[in-house]
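As structure tokens, the structure follows; a few thoughts come after it.
The values are calculated or read from the model by the stated rules, or taken from the named source; none is laboratory data. Model, not experiment: these values are computed from the prediction. A quick note on method: Cβ atoms are made from the backbone with ideal geometry, for glycine too, and the neighbour counts reach across all protein chains shown. Heavy atoms of the whole protein, side chains included, go into the accessibility calculation; ligands, DNA and RNA do not. Shrake-Rupley method; radii C 1.70, N 1.55, O 1.52, S 1.80 Å.
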Amino acid sequence: MKAVFMLEHGNVDVLQYGNVPEPEIDEDEIKIRVKACGINRLDIFTRAGKRGVKVNFDGPHILGGDVAGDVVEIGKSVENFKIGQRVVVNPRLVCSKCKDCLTGNDESCMRYRMLGTSINGGYAEYTKTHKDNVFEIPDSLSYEGAAALPTVYVPCWNMFKRRAQLKSSETVLIASASSGVGSAAIQFAKFAVGATVIATTSNEFKAQRAKDVGADFVINYNEETIANKVMEVTEGRGADVIFDHVGTDFWNQAIPVLAPRGRYGICGVTSGYKADLQMGTLFMRNQSIFGIHMGKRNDLSEIIRLVGDRVIKPVIHNTFDLESVQLAHDEMDKNEFFGKLIINVP
Ligand SMILES: [Zn+2]
């Protein structure tokens, strides 16, 4: 099959387009003809071998976790799927054996693997994965739209619904509106919850796009101070929930404007992972700080339902052919996009 693979870590030049053997499935797995694959920051880290992501190269490694496509083969013990079904994959594969998995808390499984990082993924014509990670998509949802969902919307469900329990009467502050997860968080908080959304970004183009996809207020942090604007918008109360996928740079500006009983959720640390915390303020204001990694496996089905009901709409910035994956990685590196970058595999 055609695939983009790598034999070592490095810059975009390590991504090679060529032929590799098709994956072979076990009895509890499903083989998928990939039609679209979302690109995530994790792909860049995995390619470069940064942030603790090291691939054990025992053959060509294929990146890409957010796969959408058609079922082409099902393992012997797989029920409820049929050949030709249109599906999307949750790339976080859990062990199904540990205490967390067995008690319904699979989002806390520490023996998880990520499709495209720990094992071969979707920058290819075919991929395979465990049956429990495969979800049917409605006809109204395109392959591109489906591939834009898993890695960015599953954390939104986990963060806003399960952990922060964000309410429609509350205000949420969302870091870096232009990234895949930032734009997803705006949509989710605004349309799936009905909260007031303040988003931050770096220029006027991105600020306008953030408003287009649902932000009530946008802070251009190159022109105004995040804290001042949040206090102005919330009439001195601060943000009830803060969605941080950026880390140190955002934390320093955001934590001072967390409201009483505020919940500060962290799902990424691209700018750094060390933080100064004023513990006195934390308990005096009854605040909470928590982290999430993706969500439960089945949270993706809730996201598919919301998209099917047209409550939220995936934000796609650009699409690329499989053989042009290097261009897509370059575009992500430049940070001049708003929403998701998607690979098409016709
Ligand atoms: Zn587990």
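Modelled this way, with points 7 Å down the Cα-to-C-beta line, the labels at K97 and E223 are 5.6 nm from one another. Computed with a 1.4 Å probe over protein heavy atoms only, the accessible surface of the stretch 153-291 comes to 43 Å² per residue. The trypsin sites (Lys or Arg not before Pro) of the stretch 253-346 that DSSP puts in a loop, and whose beta carbon has at most 16 other beta carbons within 10 Å, are K274, R285, R310.
In a DSSP loop and with at most 13 other Cβ atoms within 10 Å, the chymotrypsin sites (Phe, Trp or Tyr not before Pro) in the stretch 12-113 are F57. Using 0.36 nm per residue and subtracting the Cα-Cα separation, the extra length available between R285 and M231 on full extension is 17.9 nm. Extending 7 Å from the Cα toward the beta-carbon at both K334 and D309 defines two label points whose distance is 3.9 nm. The distance between label points at D139 and T319 comes to 1.9 nm (points 7 Å beyond Cα on the Cα→Cβ vector).
If the chain linking L7 and E27 were pulled fully straight, counting 0.36 nm for each residue of separation and taking away their Cα-Cα distance, it would gain 4.4 nm. Contact order, relative form, for the chain: 19 percent (alpha carbon pairs under 8 Å, 6 or more residues apart, mean separation divided by residue count). The trypsin sites (Lys or Arg not before Pro) of the stretch 57-144 that DSSP puts in a loop, and whose beta carbon has at most 14 other beta carbons within 10 Å, are K76, K82, K97, R111. The relative contact order of the stretch 86-182 comes to 27 percent, based on Cα pairs under 8 Å that sit 6 or more residues apart. As a length-normalised measure over Cα pairs under 8 Å and 6 or more apart, the relative contact order of the stretch 153-291 settles at 20 percent. Rolling a 1.4 Å probe over the protein heavy atoms gives the stretch 1-113 an accessible area of 50 Å² per residue.
Stretching Y273 away from S77 to a fully extended chain increases their span by 66.3 nm, per 0.36 nm per residue minus the current alpha-carbon distance.
Checking the Cα-Cα distances for K97/K296; K190/K229; K50/K313; K76/K296; K99/K128; K274/K340 against a 23 Å cut-off, the pairs over it are K50/K313; K76/K296; K99/K128; K274/K340. Computed over protein heavy atoms with a 1.4 Å probe, the carbon and sulfur contribution to the accessible area of the stretch 153-291 reaches 48%.
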